[in-house]
Structure formats: structure tokens, C-alpha cells
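S.K.: Can you read through this structure? Questions will come right after.
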Amino acid sequence: MQSVIQKINDKYKKSAVVDVRSGDTVKVHQKIREGNKERIQIFQGLVIRTDLKGSHTSRITVRRIASGVGVEKSFLLHSPLVVQVEVTKRSKVRRNYLSYMRDRTGKSARMTGVDFDRDAVNSVHDEAAEAEEAKIREEKAIEAKAKADAKAAEEAELAAKAAAVEAAHKQAENQ
């Protein structure tokens, strides 16, 4: 018998999440809302920390260097704003929290890569996330089609006005 809290936690968990470990280089696809538009932004970097792996609040901290400045972002893996997490490289590490990587730059920040089956690790399919991504693409396509239709109607209207003006000029010349 599950407790009430466990049932609520399971309700908000995604059905499947990629197995992410410290030392992995990942691409996190995050949904960004700007005004009434939504887009997906990709944040690629090194996972320096993983927290509470089995919980619905499981979190990864990703670090990257952007314009010479270190940027760290924490992502809740079960958040609806995180669309996809893709592991691009797996490295050999012996601890969970790689805080020492903050002080390293250049060649000293390199990590020894480990062979892994990229397709098997990244082949997690979350139907809800895929449906949401398809819905966003469909909305963009509808918006682009509406914009193209409006532009075509405007061009047809301008062509009709030009034809009317040309006909008026010809009629004026004939008189």
C-alpha cells in the first residue's frame, strides 16, 4: 500500500528519464516562454552534480563556459519545462560532486572519456513531451501559413489597385 504522499509524487514524475551521472556532458532542451511565444533553448555543458536520483525532485547541475564566464544552471529532471536531456559524452569520475571543476580551465578541465552506448542511454521516449514539442511545431507552422496567406492577400490587393490605376491611365489617354 502506497502512502498518499508517494501517490502524489508519482503523479508528477515523468514516466522515463535519461540516466544522467556526474561527469556527463549533456544537452538540456528547456522550454522558454517569452511573452506569448514559446521556444526550446538548448544548454550544453558538464554535469557537476546530481541530487535525489529516485525522487520527483531529482536535479542536475550543469556547468558551461559562456563568453569566458562560467555559467551553472540547475534543472529539475521531472519538470515540464525540461523537454529532453541528451547525454553526448560520458567521462570517468570518482565522485558525485565535481566542485573542483570550477577552478579548472583549458587542458586541465579535460576529462577522460568512457565508451558508452549513446543510443541506449538517450532512447527514452516520453510521449507527453514529444506531443508537446509536436504541438509547438504545429502552432509555428500554422502561424507561418497565416502570415504567408496575409502577405499573399496583401500582394493581390496591391496588384488589383495597380491594375485599376493602369486602366484609369489608359482610359485617360484614350480620351
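S.K.: Exactly one condition in (1) free of Cβ contacts under 8 Å to residues at least 12 places away in the same chain; (2) over 23 Å from ASP119 (Cα atoms); (3) exposed (fewer than 13 other Cβ atoms within 10 Å of the Cβ) is not met by ARG95; state its number.
M.R.: (1)
S.K.: Take the range 9-27 and flag every residue that is crowded, with 18+ Cβ neighbours inside 10 Å and of a type in the set (Asp, Glu).
M.R.: ASP24 - this is the single residue of the range 9-27 that is crowded, with 18+ Cβ neighbours inside 10 Å and of a type in the set (Asp, Glu).
S.K.: Here is a further query. Just checking, does the range 86-97 include any residue being closer than 26 Å to ASN9 by Cβ, among the aromatic types (Phe, Trp, Tyr), part of a loop (DSSP other than H, G, I, E, B) and at pLDDT 80 or above?
M.R.: Yes: the range 86-97 contains one or more residues that are closer than 26 Å to ASN9 by Cβ, among the aromatic types (Phe, Trp, Tyr), part of a loop (DSSP other than H, G, I, E, B) and at pLDDT 80 or above.
S.K.: Failed condition for ALA120, given (1) without any contact (Cβ under 8 Å) to a residue 24 or more places away in the chain; (2) not assigned by TED's automatic domain parsing to the domain that holds LEU77, with all others met?
M.R.: Going through (1) without any contact (Cβ under 8 Å) to a residue 24 or more places away in the chain; (2) not assigned by TED's automatic domain parsing to the domain that holds LEU77 one by one, ALA120 breaks only (2).
S.K.: Follow-up question, since we're still on this one. For the range 142-165, indicate whether the set of residues that are outside the structural domain of SER15 (by TED's automatic domain parsing), in a helix (DSSP H, G or I), acidic (Asp, Glu) and surrounded by fewer than 10 Cβ atoms within 10 Å (Cβ to Cβ) is non-empty.
M.R.: Looking through the range 142-165, none of the residues is outside the structural domain of SER15 (by TED's automatic domain parsing), in a helix (DSSP H, G or I), acidic (Asp, Glu) and surrounded by fewer than 10 Cβ atoms within 10 Å (Cβ to Cβ).
S.K.: Report yes if LYS13 is of a type in the set (D, E, K, R) and at pLDDT below 80, otherwise no.
M.R.: Yes: the conditions hold for LYS13.
The values are calculated or read from the model by the stated rules, or taken from the named source; none is laboratory data. On a predicted model such as this, the values are computed, not experimentally measured, just so you know. All Cβ positions, even for glycine, are placed from backbone atoms using ideal geometry, and neighbour counts span all protein chains on display.
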